[in-house]
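Student: My questions all concern the structure below.
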Amino acid sequence: MLQLYRRTSTRAVLMAPALALALAAGPAIAGWTMDPARSHLSFVSIKAKDVGEVNTFKEMTGTITDDGQVTVSMFLDSVETLIPIRNERMREFLFETTNYKDATLTAKVEPAIIAEMQPGQIQQITAEGNLSLHGETQPMIISMQAAKLDDGTVMVASTKPLIVDAAKFGLSDGVEKLREIAGLASISHAVPVTFVMTFVAAE
C-alpha cells in the first residue's frame, strides 16, 4: 500500500503543472464562425477609364476550423451596387447566378497564429488561397491583418487588395455585355477586392 501511495503521489506531482497550464490556457476553441453583421467585402468596378464604383455582397458566410482552414462564401444573388437595375444585370449577365450561386475563397493559415494571440494583439498574415468563381478556380496570395478583440472575437482585414481578373474566371463575355447595355466605352476586367471580416469563437 505504501509503495502504491508513493507511485500515485509522484504521478500527481508530475501531472499538476500540465493541468495548471491547461486551466490557464482556458477552454479549447473548436473553430471560428463569421459574424455577418460585422463583416464586409467590397469590389470596385472601373468604367469609362477612370470612373470607379464600389459594390458589395449583402450575404456572406465564413469559418476558420481548428486546423486553420479558412472558407468564406459570397452569395452572388446578394450583389449590391445601390442601383436595382444594375444589380439585376450583374446577376443575369455577369455572374449568371442561375448556374453559379456563390463565390468561395479558401486559404490555410497556421492555427497557432490565432490561438496564441492575446486580446489587443495584431498579427500580420500572408496566406496562399484559392478563389472559386463562375466555375473556375484561381490561386490567390492573401495579405491580411488579424486583431484579437477579445478571447472570443477575431477581426481580419485585407492589407492589400485582391485583384480579380475577369478573363481568368470566364467573365469576359459578361463584362462586355454590361458594357454594351450601358453604352460605355470600356469596363475594366481587373477588379480590386477588399474585406474586413469578424469571426467569433464557435460554441
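Student: Only one of PHE75, PHE57 is aromatic (Phe, Trp, Tyr), open to solvent by 60 Å² or more (accessible area, probe 1.4 Å) and within 27 Å of VAL175 (Cβ to Cβ); which? Quick ask: steps written out before the conclusion?
Tutor: Values: PHE57 fails: open to solvent by 60 Å² or more (accessible area, probe 1.4 Å).
Result of the check over PHE75, PHE57: PHE75.
Student: So if I check each of VAL44, VAL72, VAL54, which one is out of contact with any helix residue (DSSP H, G or I) (no Cβ under 8 Å at 6 or more places or on another chain) and under 17 Å from HIS189 (Cβ atoms)? Step through it out loud before you land on a result.
Tutor: On the way: VAL72 fails: under 17 Å from HIS189 (Cβ atoms); VAL54 fails: under 17 Å from HIS189 (Cβ atoms).
The conditions single out VAL44.
Student: Before we move on, is GLU80 at pLDDT 95 or above, closer than 21 Å to ALA157 by Cα and over 14 Å from the mean Cα position of the chain (by Cα)? It would help to see each step written out before you state the result.
Tutor: Numbers: at pLDDT 95 or above: yes; closer than 21 Å to ALA157 by Cα: yes; over 14 Å from the mean Cα position of the chain (by Cα): yes.
When the stated conditions are applied, GLU80 passes them.
Student: Kindly state which strands (runs of 3 or more DSSP E) lie completely within segment 126-180 and contain at least 1 residues that are without any contact (Cβ under 8 Å) to a residue 12 or more places away in the chain. Can you show your working first?
Tutor: On the way: elements: 136-150, 153-158, 162-165.
Qualifying strands (runs of 3 or more DSSP E): 136-150.
Student: Looking only at residues that are open to solvent by 10 Å² or more (accessible area, probe 1.4 Å) and part of a loop (DSSP other than H, G, I, E, B) in segment 78-96, which one is farthest from PRO111 (Cα to Cα)?
Tutor: The residue in question is ILE83.
Student: Counting only residues that are at pLDDT 90 or above and out of contact with any Gly (no Cβ under 7 Å at 6 or more places or on another chain), which one in segment 103-115 is surrounded by the fewest Cβ atoms within 10 Å (Cβ to Cβ)?
Tutor: Within segment 103-115, the match that is surrounded by the fewest Cβ atoms within 10 Å (Cβ to Cβ) is THR104.
Student: If you check ILE83, ILE122, which single one turns out to be under 30 Å from ARG179 (Cβ atoms) and out of contact with any Pro (no Cβ under 7 Å at 6 or more places or on another chain)?
Tutor: Values: ILE122 fails: under 30 Å from ARG179 (Cβ atoms).
Just one listed residue meets the conditions, ILE83.
Student: Do you know which residues across segment 133-173 are aliphatic (A, V, I, L, M) and either more than 21 Å from GLY68 (Cα to Cα) or modelled with pLDDT under 95 (or both)? Full working, then the answer.
Tutor: First, the residues of segment 133-173 that are aliphatic (A, V, I, L, M): 133, 140-142, 144, 146-147, 149, 154-157, 162-164, 166-167, 171.
Passing the criteria: LEU133, ILE163, VAL164, ALA166, ALA167, LEU171.
Student: While we're on this one: Is it true that ALA182 is closer than 30 Å to ASN87 by Cβ and of a type outside the set (Val, Ile, Thr)?
Tutor: On the way: closer than 30 Å to ASN87 by Cβ: yes; of a type outside the set (Val, Ile, Thr): yes.
Yes.
Student: Restricting to segment 17-44, what's the tally of residues that are open to solvent by less than 50 Å² (accessible area, probe 1.4 Å) and modelled with pLDDT of 95 or more? Quick ask: steps written out before the conclusion?
Tutor: We begin by selecting, within segment 17-44, every residue open to solvent by less than 50 Å² (accessible area, probe 1.4 Å); these are 26, 31-32, 34-35, 39, 41-44.
Within this subset, residues satisfying the condition of being modelled with pLDDT of 95 or more are 32, 34-35, 39, 41-44.
Total satisfying the criteria: 8.
Student: Quick one: count up the residues across segment 116-125 that are part of a strand (DSSP E or B) and either among the hydroxyl-bearing types (Ser, Thr, Tyr) or open to solvent by less than 20 Å² (accessible area, probe 1.4 Å) (or both). Walk me through how you get there before you give the answer.
Tutor: So the first thing to find is which residues in segment 116-125 are part of a strand (DSSP E or B), and the list is 122-125.
Then drop every residue that is not either among the hydroxyl-bearing types (Ser, Thr, Tyr) or open to solvent by less than 20 Å² (accessible area, probe 1.4 Å) (or both), which leaves 125.
So the answer is 1.
The values are calculated or read from the model by the stated rules, or taken from the named source; none is laboratory data. All of these numbers come straight from a predicted model, not from anything done at the bench. Heads up, the Cβs are rebuilt from the backbone with ideal geometry, glycines too, and the neighbour counts pull from every protein chain shown. For the accessible areas, the whole protein counts, side chains as well, though only heavy atoms, and no ligand, DNA or RNA atoms are used. Shrake-Rupley method; radii C 1.70, N 1.55, O 1.52, S 1.80 Å.
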